[in-house]
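In what follows, a structure is listed as structure tokens, so that the remarks can point back to it.
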Amino acid sequence: MSNGILVFAEHRAGAFNKITFEAIAAAQQLGTSLKQPVTAVVLNKDAGLAREIAAFNFDKVISAENDKLAEYTPDAYTDAMQHVVRALDPRYVIMPHTYLVRDFAPKLAARFGRSVVSDCLRFAADDGGSVVFSRRIFLGKIDADVVTEDESPVFATFQSGAFRGEQSEKGTGAPVESMAVEIGEVRMHPEPAFQEVKQAVDLSKADVIVAIGRGIKSQEHIALAEQLAAALGGDLAASRPICDAGWLPIDRQIGSSGQTVAPKLYIALGISGAIQHLVGMKNAGTIVAVNKDPEAPIFDIADYGIVGDLFDVIPTLTEEVKKLKG
Amino acid sequence: MKIIVLMKQVANKDAILRINKAATWIEEADLTYEVNESDGYALEEALRLKEKLGGEVIVCSMGPTRVKSVIKDALARGADRAIHVVGDELAHIGPFAAATILAEAIKGEQSDLVLTGLQSDDYGFAQTGVILAELLGMPHATIVIEVDASGEQLRVKRELENGWYQWYTMPRPALLTIQSGISQIRYATLKGIMAAKKKEIREVTPASAAPNGGSHQRVTKIYFPEKTKQTQFLGNGDAKAGAVQLAEKLRSEARII
């Protein structure tokens with residue numbers, strides 16, 4: 001009978017991603033709830049990184065090895081993970097919801113005739129061993145509890161920030177098992193990863209950020225937000241749709257595909273707060289949200305909220321700030 | 001070059017969502033719908049590739065009669081013909097079932113390229129495209145922001161996290177999931193709208209809404225997220241008063257001004 005939890009440890013350029021430790025915490029907590037052992041799997045050309053992660057509290061670490069795993073491709077990763085999952089027969093396969101996992105995990109699950117319970121926030125396990133996963137839908141506006149009636153294995157991914165990396169438990173040194181995995185033809189060929197020309201604006205050092213979203217409605221209105229930013233001595237930033245529309249350059253974009261910031265004050269104007277944006281700014285000291293929709297997810301993380309028209313708020317706030325600053 | 005674009009109809013982004021009485025889904029009765037954002041960019045990319053390289057763009061959408069509006073809009077923007085996979089319940093099936101039905105509906109087309117958005121704005125599974133590639137035996141790339149289809153091999157630029165990018169080369173036919181914002185989306189012209197009326201929409205009815213049985217994710221309950229922070233709401237409906245209070249709070253409580 002299928003047993004145990006397998007956690008996929010993602011790495012790039014020779015180091016584990018921060019979110020890998022969050023996935024480990026999720027898998028360990030699931031293991032504790034279900035009284036099942038947790039195994040980690042590292043795909044690589046050799047066992048170097050697998051030995052590193054053996055410091056965590058695992059039943060064992062599988063080092064799935066093949067020269068074709070030296071760099072990521074969906075074909076090679078899917079073949080390798082299929083091999084490991086078939087060999088271990090786990091009840092659950094837990095992965096971080098990253099761009100890399102999104103690229104191969106659905107293909108892996110399809111080999112087992114199913115899909116992934118993707119982008120989860122939490123789980124709840126009852127005594128009978130059944131698990132309810134909670135995922136966020138409608139761009140973060142609503143949560144859904146989901147049960148899966150799949151046979152083993154159940155594939156699930158957890159989104160960034162769903163668990164805390166520092167809650168992952170260290171152990172006494174898990175045994176590392178090397179597993180030579182078979183990989184068929186790899187059809188896609190990656191070139192080296194690169195960053196676009198050095199970003200002109202580094203928002204990571206900013207103390208105050210005034211960010212605009214779709215609620216700003218047109219490019220001419222951006223000047224209003226600029227005036228507020230100037231009054232506060234801060235920088236202007238935006239959510240993705242604004243940069244997509246070309247209203248502000250991409251180096252002003254906050255979120256998973258833009259910059260990650262942690263200013264003392266973050267003012268979100270007309271930004272609904274999709275997770276892709278929240279991951280880039282949720283660590284700000286004080287968060288202010290202005291939005292017409294009282295259910296906008298941005299309010300979930302805001303310290304101060306104003307439900308209303310941002311065109312009423314911005315000029316008044318700019319004047320008041322100027323007054324207070326004298 | 002023959003390109004199939006998969007487009008989904010989803011609830012309008014600005015719609016105020018209400019949860020139904022059974023708390024199993026949103027109230028759909030008075031909902032307005034639009035095309036899934038990234039699918040719109042997938043169509044635009046397909047139209048641009050066709051303009052450069054010639055060929056045909058076929059749009060495929062799945063769901064009840066209402067999805068015809070997505071199809072007609074795509075035809076008006078320049079798609080050549082359409083496939084409508086018809087079924088009332090098809091808006092609520094999981095990604096594996098959806099991909100299985102779509103594979104059946106499009107495999108006879110023998111297309112060079114299948115494009116779709118990177119994820120839907122409602123369920124947000126981000127899987128249907130990738131699973132479909134596997135079922136059709138095609139290589140794929142996700143979160144694509146640039147496509148070069150001029151050579152023998154397809155070359156695509158993928159977005160990674162934290163401002164990193166990577167080019168991948170792969171043979172055709174292939175499936176790509178397209179990131180929002182990779183180009184400016186064109187509007188339908190009056191001429192396009194008139195021309196769309198004559199374009200073919202082939203209707204397909206799948207044999208079963210749950211092919212291969214057994215594999216599904218069941219939503220047991222939906223609800224508004226619990227707040228992780230105690231938000232102080234200011235102004236009580238008066239946005240200007242809220243702004244005045246906010247400035248004061250930023251000075252006295254947050255000590256930022």
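Under the condition of being assigned to a helix (DSSP H, G or I) and open to solvent by less than 10 Å² (accessible area, probe 1.4 Å), the residues counted in the range A:3-31 number 8.
Only one of the numbered conditions (1) under 24 Å from the mean Cα position of the chain (by Cα); (2) surrounded by fewer than 16 Cβ atoms within 10 Å (Cβ to Cβ) is not met by B:LYS191, and that is (1).
Annotation note: Cβ proximity below 9 Å between a residue of the range B:235-253 that is at the interface with chain A (Cβ under 7 Å from one of its Cβ atoms) and a residue that is assigned to a helix (DSSP H, G or I) and among the aromatic types (Phe, Trp, Tyr) (sequence gap 6+ or interchain) occurs for B:ALA239/A:PHE311. Scanning the range A:90-123 for residues that are over 22 Å from A:THR73 (Cβ atoms), at the interface with another protein chain (Cβ under 7 Å from one of its Cβ atoms) and among the hydrophobic types (A, V, I, L, M, F, W, C) gives a single hit, A:VAL117.
Residues of the range A:148-197 being hydroxyl-bearing (Ser, Thr, Tyr) and touching a helix residue (DSSP H, G or I) at 6+ places or on another chain (Cβ under 9 Å), which ones? A:THR157, A:SER160, A:SER168, A:SER178 - these are the residues of the range A:148-197 that are hydroxyl-bearing (Ser, Thr, Tyr) and touching a helix residue (DSSP H, G or I) at 6+ places or on another chain (Cβ under 9 Å).
Suppose we filter A:GLN195, A:GLN159 for residues that are in contact with a Gly (Cβ under 6 Å, 6 or more places away or on another chain) and either surrounded by fewer than 20 Cβ atoms within 10 Å (Cβ to Cβ) or within 30 Å of B:LEU176 (Cβ to Cβ) (or both); which single one remains?
Numbers: A:GLN159 fails: in contact with a Gly (Cβ under 6 Å, 6 or more places away or on another chain).
Every option except A:GLN195 fails the conditions.
For the subset of the range B:147-169 comprising residues that are acidic (Asp, Glu) and assigned to a strand (DSSP E or B), which member is surrounded by the most Cβ atoms within 10 Å (Cβ to Cβ)?
Keep residues of the range B:147-169 that are acidic (Asp, Glu), which gives B:148, B:152, B:159, B:161.
Applying the additional criterion that residues be assigned to a strand (DSSP E or B) yields B:148, B:159.
On the way: B:ASP148: 14, B:GLU159: 19.
Once the filter is applied, the top-ranked residue is B:GLU159.
Looking at B:LYS221, B:LYS227, B:LYS191, can you tell me which residue is modelled with pLDDT of 90 or more and touching an Asp or Glu at 6+ places or on another chain (Cβ under 7 Å)?
Numbers: B:LYS227 fails: modelled with pLDDT of 90 or more; B:LYS191 fails: touching an Asp or Glu at 6+ places or on another chain (Cβ under 7 Å).
Answer to the selection: B:LYS221.
Filtered by the rule that a residue be touching a strand residue (DSSP E or B) at 6+ places or on another chain (Cβ under 7 Å), open to solvent by 20 Å² or more (accessible area, probe 1.4 Å) and in a helix (DSSP H, G or I), the range A:244-290 gives A:ARG252, A:ILE275. Of A:PHE123, A:PHE104, A:PHE163, A:PHE155, all but one fail to be assigned to a loop (DSSP other than H, G, I, E, B), in contact (Cβ under 8 Å) with a residue 24 or more places away in the chain and closer than 21 Å to A:PHE21 by Cβ; the exception is A:PHE163. A Cβ distance below 7 Å, combined with a sequence gap of six or more or placement on separate chains, defines the contacts here; from the range A:166-188, residues that are more than 20 Å from B:PRO139 (Cα to Cα) reach residues that are modelled with pLDDT under 95 and open to solvent by less than 90 Å² (accessible area, probe 1.4 Å) in the pairs A:VAL176/A:ALA47; A:SER178/A:ALA47. All conditions but one from (1) free of Cβ contacts under 8 Å to residues at least 24 places away in the same chain; (2) assigned by TED's automatic domain parsing to the domain that holds A:GLU22 apply to A:GLN195; the one that does not is (2).
Results for (1) of a type in the set (Gly, Ala, Ser); (2) in contact (Cβ under 8 Å) with a residue 24 or more places away in the chain; (3) open to solvent by 20 Å² or more (accessible area, probe 1.4 Å), shown as yes or no for each residue.
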position: A:SER33; (1), (2), (3): yes, yes, yes
position: A:TYR77; (1), (2), (3): no, yes, no
position: A:PRO96; (1), (2), (3): no, yes, no
position: A:ALA109; (1), (2), (3): yes, yes, no
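I need the full set of residues from the range A:139-156 which are more than 7 Å from chain B (Cβ to nearest Cβ) and among the hydrophobic types (A, V, I, L, M, F, W, C), in order please. Result: A:VAL154, A:PHE155, A:ALA156. Residue check: is A:LYS141 in the same structural domain as A:SER63 (by TED's automatic domain parsing) and touching a residue at least 40 places away in the same chain (Cβ under 8 Å)? So A:LYS141 fits the description; yes.
State yes or no: is B:ARG172 touching a residue at least 24 places away in the same chain (Cβ under 8 Å), surrounded by fewer than 14 Cβ atoms within 10 Å (Cβ to Cβ) and more than 8 Å from chain A (Cβ to nearest Cβ)? No, not satisfied. Of everything in the range A:291-305 that is in a loop (DSSP other than H, G, I, E, B) and facing chain B (nearest Cβ under 7 Å), the residue that is nearest to B:PRO225 (Cα to Cα) is A:GLU295.
The values are calculated or read from the model by the stated rules, or taken from the named source; none is laboratory data. The model shown is predicted, which means the values in this text are computed figures rather than measured ones. Ideal geometry is used to build each Cβ from the backbone, glycine not excepted, and the neighbour counts take in all protein chains shown. SASA here: full protein model, heavy atoms, side chains in, ligands and nucleic acids out. Shrake-Rupley method; radii C 1.70, N 1.55, O 1.52, S 1.80 Å.
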